[in-house]
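Worksheet: one structure, shown below.
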Amino acid sequence: MWELFTHPSNIVFSISLCLMFFFGIFEMLLMLIGGGSQGLLDQFLPEDVTHNTDLGIDADQSLLTKALDWLYLGRVPLFVWLIIFLTVYSLTGFIIQAFTLHFTDTLFNIWVISPACLFLCMPLVRFSAQLIAKILPQDETMAIYSEELIGRTAVIVLGEAKQNYPAQAKVSDQYGKTHYILVEPEQNETFTQGQSVVLTQKTKIGFQANPNL
């Protein structure tokens, strides 16, 4: 086992495992003194990731943002996510190398196994981060998802809204917080400035609505 840990083909996994233990001990020390890593490294995440997570509004996102969100980056503290990643990545590499050594008496080259495990471990990283996100205590928040605005009354505040030509509207959520959104008619009609409409469904850029009768 020690030979597997120290073999040059596994040096990346060995380093990852050592970093995991170091970060884990550091996290426990922070918790013992009444702190924690919450927000310690989150400033390095793209702003739209942390912004969408904090607000809970699933606005249009870039491909990178969607990938980071899929990995639960921003939903758990980045420091904790790194511990999860290093653990899963190193264990994935060691397990694959152990099976390879058992059946073939050889090991994958480090330049092959390292990037391969990086991709192979990502679904496990996401699953683990998802579990941790449910366990970690969450601050009370007034964040909502955009679908929760469906059925609420919005007011057109800028321009005229036509099909495929949305206008800006404002709507209040269940907490009384105002959101500015893009609205277009569900039917072939026009919404004028100051008109009240009822949001009916989400679109790629905003909402469709019907007149508030």
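Pairs linking a residue in region 190-210 that is closer than 14 Å to Glu147 by Cβ to a residue that is polar (S, T, N, Q) and surrounded by 19 or more Cβ atoms within 10 Å (Cβ to Cβ), with Cβ atoms under 7 Å and 6 or more positions apart or on different chains, are Thr200/Gln208; Gln201/Gln208. For region 53-80, the candidate set comprises residues that are under 11 Å from the mean Cα position of the chain (by Cα) and of a type in the set (Ser, Thr, Tyr); within that set, the residue that is modelled with the lowest pLDDT is Thr53.
Mind telling me which of the residues Thr50, Thr87 ends up being at pLDDT below 55 and polar (S, T, N, Q)? Steps first, answer last, please.
Values: Thr87 fails: at pLDDT below 55.
When all the criteria are applied, what remains is Thr50.
The values are calculated or read from the model by the stated rules, or taken from the named source; none is laboratory data. This structure is a prediction, so every number in the text was calculated from the model and none was measured. FYI the Cβ positions are ideal-geometry reconstructions off the backbone, even for glycines, and counts take in every protein chain you see.
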